[in-house]
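Contents: one structure, followed by commentary.
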Amino acid sequence: MLHNIEEEFRCEFEKIETLNEHDYVVTYAGDTLLLKCESGGDAIPRTCDYSAGELEQTRYLFSIGEKSFFLNYAPIKETELLRYKNVQALRELAPKWMAFAGATAYHLGYWYAHNRFCGVCGKEFGHSDKERALVCPNCGYTKYPEISPVVIVAVTNGDKIVLTRYAHAPYRRYALVAGFVEIGETLEDTVRREVLEEVGLRVKNVTYYDNQPWGFTRTLLMGFFAEVDGGREIRLDENELSEAVWVRRGDMPESDANISLTATMMEAFRRGKY
Ligand SMILES: [Zn+2]
């Protein structure tokens, strides 16, 4: 999966204000980010790829091994080398640590960009010196980074599994039932509710499989297998899904299990590991 990288990911807050020329610097504009586009493939730019004086407003984000990643706040103009691309382009970056770093930086960058002012009194937030948190200088309200918990559910019946396609998402391949955890729910409650809402099935024997930080949607994904309980007829929620079908293990398409938890779970079932 995207986060399974060889070197250590360290997200502890540090107040680092000086960039060296080999540090990686991410710049976002909406759902696009600046990538260094060369014939050998796209990459996250380093300090030395930006023009002198462009990186006056930066914030340290995290490290992977010896590599440090910073967020740049100032708008940057495109050049021949540095071009804005949709964040989905990050999925294709190699090596994998760079794709993971880009998605994770996007999650943090989005949070900073959408939390400029205190939600209680409206004053501009400052940054804590001690931890990753925004602090209001007027009323003291402290805001921590936001992660939305999401469940992904593989609904099974013997050697069959429910595969879905989302109605409105850019991702068009087969997926699994998925949805956000609501306030007051346990993860198992969410599994049962989402499966009933999206495909009209009841489930039992809900079993945890694995989890994955997924910066593209600012979520923490938690995967479960669950067995259908009772009727097997699918009732599709057409607001959420364009398709949901029972597929036999042997008829499943082989999936690229390298990146996402969904694909990893589908591949585990296809190979009979679950
Ligand atoms: Zn305030």
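The values are calculated or read from the model by the stated rules, or taken from the named source; none is laboratory data. Because the structure is predicted, anything quoted here is derived from the model rather than measured. All Cβ positions, glycine included, derive from the backbone under ideal geometry; neighbour counts span all protein chains shown.
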Report task. Working only within segment 56-75, note down all residues that are at pLDDT 95 or above, of a type outside the set (D, E, K, R) and part of a loop (DSSP other than H, G, I, E, B). Result -> GLY65
Report task. Restricting attention to segment 234-249, report how many residues are modelled with pLDDT of 95 or more and loosely packed, with under 14 Cβ neighbours inside 10 Å. Result -> 1
Query raised in the report: Consider THR190 against the criteria (1) outside any helix (DSSP H, G or I); (2) away from the ligand (no atom under 16 Å from the Cβ): it satisfies all of them except one. Which criterion is unmet?
Result: (1)
Query raised in the report: So which residues in segment 126-155 are more than 10 Å from the ligand (Cβ to nearest atom) and in a loop (DSSP other than H, G, I, E, B)?
Result: SER128, ASP129, LYS130, GLU131, ARG132, ALA133, TYR144, PRO145, GLU146, ILE147
Query raised in the report: Restricted to segment 250-274, and to residues that are within 20 Å of the chain's Cα centre (by Cα) and surrounded by fewer than 17 Cβ atoms within 10 Å (Cβ to Cβ), which residue is modelled with the highest pLDDT?
Result: ASN258
Query - Residue among LEU196, LEU220 that alone is more than 16 Å from the ligand (Cβ to nearest atom), over 17 Å from THR262 (Cβ atoms), modelled with pLDDT of 95 or more and not in a loop (DSSP other than H, G, I, E, B) - result: LEU196
Report summary line: Within segment 115-125, of all residues that are surrounded by fewer than 12 Cβ atoms within 10 Å (Cβ to Cβ) and within 23 Å of THR58 (Cβ to Cβ), the one nearest to the ligand (Cβ to nearest atom) is GLU124
Query raised in the report: What are the pairs, 6+ residues apart or on separate chains, where a residue within segment 129-154 that is more than 30 Å from LEU196 (Cα to Cα) and free of Cβ contacts under 8 Å to residues at least 40 places away in the same chain has its Cβ under 7 Å from a residue that is away from the ligand (no atom under 16 Å from the Cβ) and assigned to a loop (DSSP other than H, G, I, E, B)?
Result: PRO145/ARG132
Query raised in the report: Any residue at all in segment 152-164 that is outside the structural domain of HIS107 (by TED's automatic domain parsing), within 30 Å of GLN88 (Cα to Cα) and surrounded by fewer than 14 Cβ atoms within 10 Å (Cβ to Cβ)?
Result: no
